[in-house]
1. Could you pull out every one of the lysines with an alpha carbon less than 19 Å from that of A:Lys205, ignoring same-chain neighbours closer than 8 positions?
2. Over all alpha-carbon pairs of the stretch B:3-76, lay out the pair-distance distribution in 5 Å bins, whole %, shortest bin first.
3. Go ahead and set up a Gaussian network model of chain A, Cα springs under 10 Å, then flag whichever of A:Arg23, A:Arg227, A:Arg243 fluctuates most.
4. What number, in percent, do you get for the relative contact order of chain A if the mean sequence gap of Cα pairs under 8 Å and at least 6 apart is divided by its residue count?
5. In 10 Å bins starting at zero, report the fraction of Cα pairs in the protein assembly as shown per bin as a rounded %.
6. Mind putting together the pair-distance distribution for chain A? All Cα pairs, 5 Å bins, whole percent per bin, short to long.
7. For chain B, set up a Gaussian network in which alpha carbons nearer than 10 Å are linked by springs, and say which option among B:Ala254, B:Ala141, B:Ala185 fluctuates the most.
8. Taking the alpha-carbon set of the stretch A:230-290, what are its Rg and Dmax in Å?
Amino acid sequence: MEGASAKGVLSHLSLLEVQARSRKTQPKQPSRVQELKAKAEALTRQRDQLRAEVETHKNLKKLRASMDKRCRREEDEEEGMDEDSENSNLLRLMARHTQLKDLLHAYDVIGGYNIIKTRQGKGLCVSLATAYEGAYFETYNLEMDLKPTVRISRHNVPPFIPLNNLAEQSNMQTEIRTLLDPLSQHLNAFAGRKQQLKLVKELHKSVEVMESNVLCSFLVLMFTLPREKTAVLCSLDYSDCTRCLPTRVHFECEDNELPDSPEWKKHRSLLMETPVHKALITMRKMGNIV
Amino acid sequence: MDDTTKRLVQRLVKRIPAQMLRTTLDKWDRLTGEQKKSMDFTQSKWALTEKMLDLCEVNGLSVKHLTELEMIYIIDNPNKGMWYAFQLMDPQDDAHSVELMQFKEQFKSHLKELVRHVSIKIKKHTDEAVWIRIAWGDTFARPNHLKPTYVVHYLQSPYVFVTSLTLKQKPLLSQALVLSTRYQAIKDANLSGRKLTAIRDLLMRKYQQVFPTKYPSPLPENNPTISSIETFFVLLQMACEAFGGGMLPQLQSAVYKLETKFRDNSNKTMSEREEPFKCVVKFASTNLLESFRHCASSGIASTPVTPLLSCIPLKGRNYFVITDNGPGPSSQMRQPQN
């Protein structure tokens with residue numbers, strides 16, 4: 001018995017000795033321990049946060065799925081979360097936000113054009129709106145087949161817009177925007193030029209439109225000079241059909257010097273840079289034309 | 001006053017209805033106010049002719065002026081006679097910048113090179129249409145003003161509308177048109193009608209076309225639960241998508257020339273023949289497209305609308321040749337199409 005207890009005591013003593021020795025070296029450890037403890041806490045917090053995020057994300061997905069389904073079925077009933085807690089409202093908002101973001105992204109991918117599926121996904125109908133100076137004009141439509149190849153089956157684009165050329169030059173089999181973007185450019189520029197011509201006829205009755213064409217790609221106007229009472233013939237060529245501004249402005253007058261005068265050189269640059277109906281307002285204000 | 005002028009006056013007075021004569025003479029502006037007042041439009045045509053002949057003599061008016069009168073009348077009343085549409089093919093690079101002056105000069109000079117004696121009058125109308133009146137002569141004869149050809153063209157569009165053109169005159173006109181518009185060929189568009197406005201609106205797409213909406217409707221046959229009201233709207237939508245909405249261009253006829261093998265097992269004699277069965281089917285109506293649309297929307301015609309009918313507005317033609325290989329190529333005037 002004495003041996004056992006003596007062993008026990010001895011081992012205890014040696015343990016105490018080790019402890020006393022280690023206590024001496026302990027002052028270096030606390031910061032490390034604290035560091036580690038702090039790290040452990042941080043990681044725990046992070047883990048909890050991630051768990052919460054995963055949970056939210058799961059709920060969001062569920063809510064979003066039911067929202068998407070609701071949109072497809074177009075029901076107005078509020079399904080899903082019954083709790084009226086702040087949490088669920090916030091969740092609903094977040095789901096809606098992701099839905100809108102996805103919608104915007106999809107819209108971006110198709111270039112902002114209105115596209116609807118037709119014939120159970122075998123076709124598309126694209127609507128191209130035209131606008132100029134804040135006002136909307138004609139909407140043009142393209143009905144397209146997707147199988148076996150992408151091709152235009154029906155449209156209401158007027159024949160003086162080179163649709164066939166644009167289709168040939170585009171890469172519409174893989175990237176439909178290579179057709180839609182140039183087409184939209186042509187159509188919008190046409191709407192702009194057409195509107196400018198209309199405004200010239202409405203706002204500037206003293207200016208006579210001598211020549212125009214269906215594509216509105218050239219315009220010949222006759223100005224009357226107030227003092228001399230002579231006429232100046234102004235030709236505007238819009239050879240770039242993707243633009244609303246002319247590529248060439250030319251004046252013709254009995255007085256051969258007049259087109260080269262500094263004033264009329266100014267008029268030329270004005271007409272090259274400003275829409276014609278606005279340029280005419282300026283020219284009339286300046287008293288250069290009637 | 002020479003014979004041609006006399007005959008032209010007679011023809012014009014005979015042709016133009018009395019009420020229109022007054023307005024046409026006003027637009028013509030070759031008679032003084034008093035002279036116009038002195039005309040009694042309730043008189044017989046014969047009496048009016050005599051009066052016109054007198055006035056033309058007094059004012060020294062010639063064929064040149066009378067053709068103006070004719071042109072004014074025709075431009076204001078284009079829906080008479082038979083109009084045929086042609087399509088210009090393969091524009092050159094500068095086709096889209098051809099402007100009126102250039103076109104006028106080029107057309108006149110090219111046609112005059114081809115026909116020794118020809119009288120050409122070109123006038124631009126307010127709706128951007130370029131009207132051309134051609135009185136044809138030849139090496140020996142002076143231009144015949146009693147049988148003029150009228151041509152209508154919109155610059156920068158590929159279509160040309162023609163009335164009163166003979167087979168002999170066709171290649172001459174085609175050549176002049178192709179060269180002056182800077183295209184490479186011209187072909188028959190296989191569209192004809194009495195109303196210029198109708199065939200023009202069809203080709204220039206100046207009528208309301210209907211496209212699929214955001215809410216596609218299922219075919220009534222596939223969905224037995226659909227109500228009769230819904231069926232009505234579905235059929236109406238289909239009919240309008242095929243033929244158009246609102247007022248439709250007034251075509252009077254559509255002709256299908258069939259050269260297909262006879263298919264009817266109950267008639268061995270016919271179906272055993274080697275040659276195709278030749279047959280012509282003609283649809284006629286005061287407003288053909290409206291009739292077709294009504295057939296489709298009221299369920300008389302089966303839906304979806306058969307492409308044989310819907311390709312009238314789709315392709316802008318009303319003459320088709322159907323062979324066993326499908327609708328045949330349209331006839332050409334210059335080069336074969338690819």
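Each value in this text was obtained by applying a stated rule to the coordinates, not by laboratory testing. Remember, it's a predicted structure, so these values are computed and weren't measured experimentally. So basically every Cβ, Gly included, is an ideal-geometry build from the backbone, and we count neighbours across all protein chains shown.
1. The reachable lysines, counting only those whose Cα sits under 19 Å from A:Lys205, are A:Lys194, A:Lys229, A:Lys278, A:Lys285.
2. Cα pair-distance distribution for the stretch B:3-76, in percent: 3, 17, 33, 31, 15, 1.
3. Comparing A:Arg23, A:Arg227, A:Arg243 in the GNM, the peak value goes to A:Arg23.
4. The normalised contact order for chain A reaches 9 percent.
5. Per 10 Å bin, starting at 0, the Cα pair percentages come out as 3, 11, 16, 19, 16, 11, 7, 4, 3, 2, 2, 2, 1, 1, 0, 0, 0.
6. 1, 4, 7, 9, 8, 7, 6, 7, 6, 6, 5, 5, 4, 4, 3, 3, 2, 2, 2, 2, 2, 1, 1, 1, 1, 0, 0, 0, 0
7. Result: B:Ala141 has the largest fluctuation of those listed.
8. Reported Rg and Dmax, both Å: 11.5, 34.
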